[in-house]
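Data first, discussion second: the structure below is written as structure tokens.
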Amino acid sequence: MVMMHCWLHPDRPSQPDSSVFYTEERDTMDQELMFTNEPVKARFIAPDGNVEEKIIEIRTNPVTLRSSRVTLSRVGEKEKGTENLPNPPPDAEKKAACPFCRPQVMTRTPRCLGKLSPSGRLVRGSSLLFPNLFPYGRYSAISLFDDNHFVEIGKASVETYHDSLLNSADYLGRIVQSDPKSVYMAITQNHLPSAGGSLLHPHLQVHAERIPSNHHRTLLQRASQYRSTTGSRILTDYLRHEQQDGRRYIGKTGHWQWMAAFAPEGFYEIWGILPGCTSFCDLNEEDWLHLAQGMIRTQKFYRSLCRNGYNFGLLLIEDGNDCLELRAVMLVRSNFTPWVRNDYTGYELMLGDMATFVQPEQTASLAREFWQ
Ligand SMILES: [Zn+2]
């Protein structure tokens, strides 16, 4: 059902003549889960003397209610530095200087306290996990995939990601047991320095903290409110809407369902939702394998766009809530190659709205072949 109604400004006249203005609403959701896309027009006199109109889509994330923008005038723009996949970075061969490479990883990285791991490090297949020497919170660990010092985007094996995710889950499970108040958890990845990675050697960051991050706080608040108002889980309803709509839906790996984010807060942002699952403790080994598969497929898609940097995030709230289902997020970052512009400008940092140049419907249509 398409409603010509502006949820953000109910008193504003609707624009039924606009082909791009829409707010989608599922019948049973009423005011609760709105897919709002409000195009605005910028007018100016172009250098040739003609008055031009450029459309900017202002979309609202139905889950977080944060807005973001798609600058349609830049759709199709080839960003500088993405003509080809950039060459490997200069440190790609410098294994001897890397604290995450063997054998020095065993002497140059810290060990967990005995209550978390008597041996100080966790091992799962090819993955080694140890505390972050530069922690970001109470519990802050590094989970390596394997001993490969540099792995190009999309070239890692699913097995190494599976091992590293299982190792991360093992670590978080130990925290649940030893410090049940540290319920705000996350598994993240910064691939290459342009995505914030300080060491080239591929790894996941594993976090747990008693104090919520901004995103933990917003997600929990919104998911709880939605559950109490509607009796439904917000991400299940989001997923159902996206499956029915189809334009942003990409495919599945096991029970994980993948789609382009409706209101992207990063370039080519893709979500993987695991419906019905609100705790990482409910995942079996296969679920982690299927998450790893989705992560690698997303990387292969990004590689096809000649992009080499990305971020991954899986946020967890292990307080026994039955509202917030698991959602993995991946998005592209500016390429790591000289003189490429950063994707976070004054607009993103100072106004708080991400501006991307690609409509999510286009992202999904490009990504689908990697799920076949
Ligand atoms: Zn290394």
Response to the item:
The number of residues in the range 197-231 that are over 30 Å from LEU133 (Cα atoms) and open to solvent by less than 40 Å² (accessible area, probe 1.4 Å) is 3
Worksheet item: Does ASP179 qualify as being of a type in the set (Asp, Glu), within 20 Å of TRP288 (Cβ to Cβ) and either more than 16 Å from the ligand (Cβ to nearest atom) or at pLDDT below 95 (or both)?
Response: no
Discussion item. Within the range 277-287, does at least one residue satisfy the condition of being open to solvent by 30 Å² or more (accessible area, probe 1.4 Å) and without any contact (Cβ under 8 Å) to a residue 12 or more places away in the chain?
Written reply: yes
Discussion item. Take GLY173 and tell me if it is within 16 Å of the ligand (Cβ to nearest atom) and among the small types (Gly, Ala, Ser).
Written reply: no
Worksheet entry | Lone unmet requirement of (1) over 30 Å from SER198 (Cβ atoms); (2) of a type in the set (Val, Ile, Thr); (3) touching a helix residue (DSSP H, G or I) at 6+ places or on another chain (Cβ under 9 Å) for THR36 | (3)
Worksheet item: Considering the range 77-110 alone, what residues qualify as being away from the ligand (no atom under 16 Å from the Cβ) and free of Cβ contacts under 8 Å to residues at least 24 places away in the same chain?
Response: LYS78, PRO110
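Residue by residue, here is whether (1) within 16 Å of the ligand (Cβ to nearest atom); (2) more than 26 Å from SER334 (Cα to Cα) holds:
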{"residue": "SER194", "(1), (2)": "no, no"}
{"residue": "LEU200", "(1), (2)": "yes, no"}
{"residue": "LEU204", "(1), (2)": "yes, no"}
{"residue": "HIS207", "(1), (2)": "no, no"}
{"residue": "HIS216", "(1), (2)": "no, no"}
{"residue": "ARG222", "(1), (2)": "no, yes"}
{"residue": "ARG227", "(1), (2)": "no, yes"}
Worksheet item: Counting just the residues of the range 122-149 that are charged (D, E, K, R) and within 16 Å of the ligand (Cβ to nearest atom), which one comes out least open to solvent (accessible area, probe 1.4 Å)?
Response: ASP146
Fill in: Flag if PRO338 is surrounded by fewer than 16 Cβ atoms within 10 Å (Cβ to Cβ) and either in contact with a Phe, Trp or Tyr (Cβ under 8 Å, 6 or more places away or on another chain) or over 26 Å from SER143 (Cα atoms) (or both)
yes
Fill in: Unmet criterion (only one of (1) under 26 Å from LEU199 (Cα atoms); (2) part of a helix (DSSP H, G or I)) for ARG368
(1)
Worksheet item: For ALA223, are the conditions met, namely being part of a helix (DSSP H, G or I) and not basic (Lys, Arg)?
Response: yes
Discussion item. Go through the range 234-254 and report how many residues are open to solvent by 50 Å² or more (accessible area, probe 1.4 Å) and either under 30 Å from ARG138 (Cα atoms) or part of a loop (DSSP other than H, G, I, E, B) (or both).
Written reply: 1
Worksheet item: Under the condition of being among the aliphatic types (A, V, I, L, M) and more than 16 Å from the ligand (Cβ to nearest atom), which residue from the range 150-170 is most open to solvent (accessible area, probe 1.4 Å)?
Response: VAL158
Response to the item:
Sole miss for THR236 among (1) closer than 17 Å to ARG368 by Cβ; (2) over 13 Å from the mean Cα position of the chain (by Cα) is condition (1)
Worksheet, complete the sentence: Checking GLY352, GLY346 in turn, the sole residue that is of a type outside the set (A, V, I, L, M) and open to solvent by 40 Å² or more (accessible area, probe 1.4 Å) turns out to be GLY346
Discussion item. Quick check on SER117: is it open to solvent by less than 30 Å² (accessible area, probe 1.4 Å), farther than 30 Å from SER304 by Cβ, under 23 Å from the mean Cα position of the chain (by Cα) and not aliphatic (A, V, I, L, M)?
Written reply: no
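The values are calculated or read from the model by the stated rules, or taken from the named source; none is laboratory data. From a predicted model like this one, the values you see are computed outputs, not experimental measurements. Every residue, glycine among them, receives a Cβ derived from its backbone with ideal geometry; neighbour counts consider all protein chains shown. With ligands, DNA and RNA removed, areas are computed over all heavy atoms of the protein, side chains included. Shrake-Rupley method; radii C 1.70, N 1.55, O 1.52, S 1.80 Å.
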